[in-house]
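I have placed the structure first, in the form of structure tokens, so that the comments after it can refer back to it.
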Amino acid sequence: PAPQADVLNSFEAVAQAHSVIVTGLAVNFPGGSTTPTKFWEVMMAKTDCIREVPSERFDIDAVFDAEAGAKGKTYVREAAFIDDMEMFDAAYFGISNAEALAMDPQQRLTLEVGFEALHSAGHTKSSLMNVMAGVFVG
């Protein structure tokens, strides 16, 4: 079999031999879904989380063109946005402000939500310091 098939077969064998226990959970989705409960409520209410680009993100008028395909422009004025993306606490994660500004916002979000999941599992920042562990995302 192909190498990918070997990996999948290995995962399936481990999954069949061992139970998987989820001990921590965290989310941050559009619509203010910052807890699993809130996310569930948004989903059950069939809430439309699409809205016009918030002015704090960027000036949509500067990049909008109703004609699809206009170079350097977008023909879409709306999307689903996560609130308070600018509220990242760089110092908490040992990251300089300059480095945080250069990071992709998705990296910052991954750090925050990952830590929240660990926290909900009962871990603290001090209990995780110098621990030989890895986090795999993807």
(message) I'm trying to understand the selection: among the residues of the range 82-112, which are among the acidic types (Asp, Glu), part of a loop (DSSP other than H, G, I, E, B) and either closer than 19 Å to CYS49 by Cβ or within 14 Å of the chain's Cα centre (by Cα) (or both)?
(response) ASP83, ASP84, ASP104
(message) Report every pair of residues separated by at least 6 positions or lying on different chains whose Cβ atoms are under 7 Å apart, first residue within the range 29-45 and closer than 13 Å to PHE81 by Cβ and touching a residue at least 24 places away in the same chain (Cβ under 8 Å), second of a type in the set (Asp, Glu) and part of a loop (DSSP other than H, G, I, E, B).
(response) GLY32/ASP83
(message) Just the residues that are basic (Lys, Arg), without any contact (Cβ under 8 Å) to a residue 24 or more places away in the chain and within 30 Å of SER120 (Cβ to Cβ), please, taken from the range 46-83.
(response) LYS46
(message) Let me confirm something: among ALA70, ALA66, which residue is on the phi < 0 side of the Ramachandran plot, surrounded by fewer than 12 Cβ atoms within 10 Å (Cβ to Cβ) and of a type in the set (A, V, I, L, M)?
(response) ALA66
(request) With respect to THR47, determine if the residue is surrounded by 12 or more Cβ atoms within 10 Å (Cβ to Cβ), of a type in the set (Ser, Thr, Tyr) and touching a Gly at 6+ places or on another chain (Cβ under 8 Å). (result) yes
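What are the residues in the range 92-114 that are more than 23 Å from PHE29 (Cα to Cα), among the aliphatic types (A, V, I, L, M) and either in contact (Cβ under 8 Å) with a residue 24 or more places away in the chain or surrounded by 10 or more Cβ atoms within 10 Å (Cβ to Cβ) (or both), if any?
Initially, the range 92-114 is screened for residues more than 23 Å from PHE29 (Cα to Cα), giving 94-99.
So of that shortlist, the ones also among the aliphatic types (A, V, I, L, M) come out as 95, 98.
Answer for the range 92-114, where residues must be more than 23 Å from PHE29 (Cα to Cα), among the aliphatic types (A, V, I, L, M) and either in contact (Cβ under 8 Å) with a residue 24 or more places away in the chain or surrounded by 10 or more Cβ atoms within 10 Å (Cβ to Cβ) (or both): just ILE95.
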(request) With respect to SER96, determine if the residue is out of contact with any Pro (no Cβ under 9 Å at 6 or more places or on another chain), modelled with pLDDT under 95 and not aliphatic (A, V, I, L, M). (result) no
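Look through ALA133, ALA66, ALA117 and report the one residue that is within 23 Å of ASN28 (Cα to Cα) and among the small types (Gly, Ala, Ser).
ALA117
The values are calculated or read from the model by the stated rules, or taken from the named source; none is laboratory data. The structure displayed is predicted, hence computed values, not measured ones. No Cβ is skipped: glycine too gets one built from the backbone with ideal geometry, and neighbour counts run over all protein chains shown.
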